[in-house]
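No value in this document is a laboratory result; all are computed from the given coordinates. Since the model is a prediction, treat every value here as computed from it, not as a measurement. Backbone-built Cβ (ideal geometry, glycine too); neighbour counts: all protein chains shown.
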Amino acid sequence: MATDCIFCKIIKGESPANFVYKDDDMVVFHNIRPSAPVHVLIVPVEHIESVNALQERHSAIISTMMLKSKEIARTLGIQDSGYKLVINVGSGGGQVIFHLHIHLIGGWGAKV
Ligand SMILES: [Zn+2]
């Protein structure tokens, strides 16, 4: 737990967020600066800085986050139209918050 981390504060209820899903291992909430009609963040409860900080013991949570993403997409009504799952790694990779998260982005509608 990093005290100056905004995602840790959201997880602890010290900062507000619009949650889509929450359990003991992960949370999902709407990005406050969405870059698409649907833009949520899938975040592990454990403070893991980035993909670069992943260790073997994290394999279960990463797997759970990936599996949960399709359920979240279904809940948000974009499972069939399609969506992107994006993980930015490091500042050069566009990572802004250094607490690992998956961007689930979509809602543009299906291409015909
Ligand atoms: Zn954190």
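Worth a mention:
- Assigned charges on the beta-carbon of Lys, Arg, Asp, Glu; the chain dipole about Cα centre (debye): 400 debye
- With respect to the chain, whose longest principal axis is taken over its alpha-carbon atoms, helix 59-75 is tilted by about 30°.
- Only Cα pairs under 8 Å and 6+ residues apart enter the sum, and on that basis the relative contact order of the chain stands at 29 percent.
- Extension gain, ASN18 to LEU54: 0.36 nm times the residue separation minus the Cα-Cα distance gives 10.3 nm.
- Looking at the chain, the pairs of alpha carbons with a distance over 21 Å make up 34% of the total.
- Using just its DSSP H runs of length 4 or more, each adding -39500 (n - 2.57), the chain gives a mean residue ellipticity at 222 nm of -6500 deg cm²/dmol after division by all residues.
- Pairs of Lys residues in segment 6-106 that lie 8 or more places apart, or on two chains, and have C-alpha atoms under 23 angstrom apart add up to 9.
- Each residue of segment 80-90 was assigned a 3J(HN,Hα) from its phi angle through the Karplus curve 6.51 cos²θ - 1.76 cosθ + 1.60 (θ = phi - 60°); the sequence is 7, 6, x, 6, 10, 10, 10, 10, 8, 10, x Hz, with glycine and proline shown as x.
- Residue-by-residue Karplus 3J(HN,Hα) for segment 15-21, coefficients 6.51, -1.76, 1.60, Hz, glycine and proline x: 10, x, 7, 9, 6, 9, 7
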